[in-house]
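A short reminder: the numbers here are calculations on the coordinates, not readings from a lab. Treat the numbers as computed from the prediction; the structure is a model and nothing was measured. Cβ placement follows ideal geometry from the backbone for every residue including glycine, while neighbour counts extend to all protein chains displayed.
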């Protein structure tokens with residue numbers, strides 16, 4: 001199966017774009033209101049994170065690391081942790097006390113920590129670090145990527161998903177996206193460039209087709225969507241010196 005790595009792309013022509021006037025977000029930002037009314041979720045977090053979405057992420061990850069230790073950064077309600085627990089020794093971290101309360105209900109036997117990415121220092125590393133729909137919220141992206149790198153065991157992988165705004169309908173996605181904490185509204189090339197600058201080597205680069213439909217949430221990962229999707233899925237290893 002193709003990992004979706006294309007020929008090198010020119011990432012020098014489009015600068016990264018962040019939301020003007022972005023403030024520093026803390027634990028109070030991601031409270032119950034964020035998940036129920038103030039963000040794109042608007043009370044639909046579970047609907048936007050169905051079992052087939054989580055299963056798709058795990059299929060991609062397990063092709064590279066079928067077992068070992070896994071840390072889910074920004075674990076929110078613990079849906080990934082609950083599914084991954086069958087294959088990995090799991091832990092989760094999130095900045096939101098409300099989300100962690102929900103996660104403890106879904107995954108009571110999995111260690112969970114309340115912390116921002118940049119402050120999280122568990123004293124250990126992990127074979128798999130996941131970070132899905134999280135990095136676009138973190139104002140100091142370079143610091144966050146450095147912390148993620150420090151959490152990875154030798155030979156470990158970082159699996160991430162982020163929204164992108166350079167698809168043919170990117171302007172529309174930007175209008176629909178009303179989440180004020182999305183401080184980085186980058187192109188896919190911007191994200192690849194930032195990963196490279198942080199000493200990550202992408203080994204998988206695919207597009208994510210996702211859309212809420214009546215009664216069903218579409219979520220499909222494929223290299224076919226790499227340059228037309230509203231989100232991307234990237235797996236990276238630490239670049240060897």
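Listing for the model above:
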{"item": "The range 72-142: radius of gyration over Cα atoms, expressed as a fraction of 2.2 N^0.38 Å", "result": "1.04"}
{"item": "Sorted by Cβ neighbour density within 10 Å, fewest at the top, the residues 190, 46", "result": "46, 190"}
{"item": "For the range 46-238, Kirkwood radius (reciprocal of mean inverse C-alpha pair distance, Å)", "result": "16.8"}
{"item": "For peptides 136-145, 106-115, 52-61, 72-81, sequence by mean Cβ density within 10 Å, most packed first", "result": "72-81, 136-145, 52-61, 106-115"}
{"item": "Sorted by Cβ neighbour density within 10 Å, fewest at the top, the residues 165, 126", "result": "165, 126"}
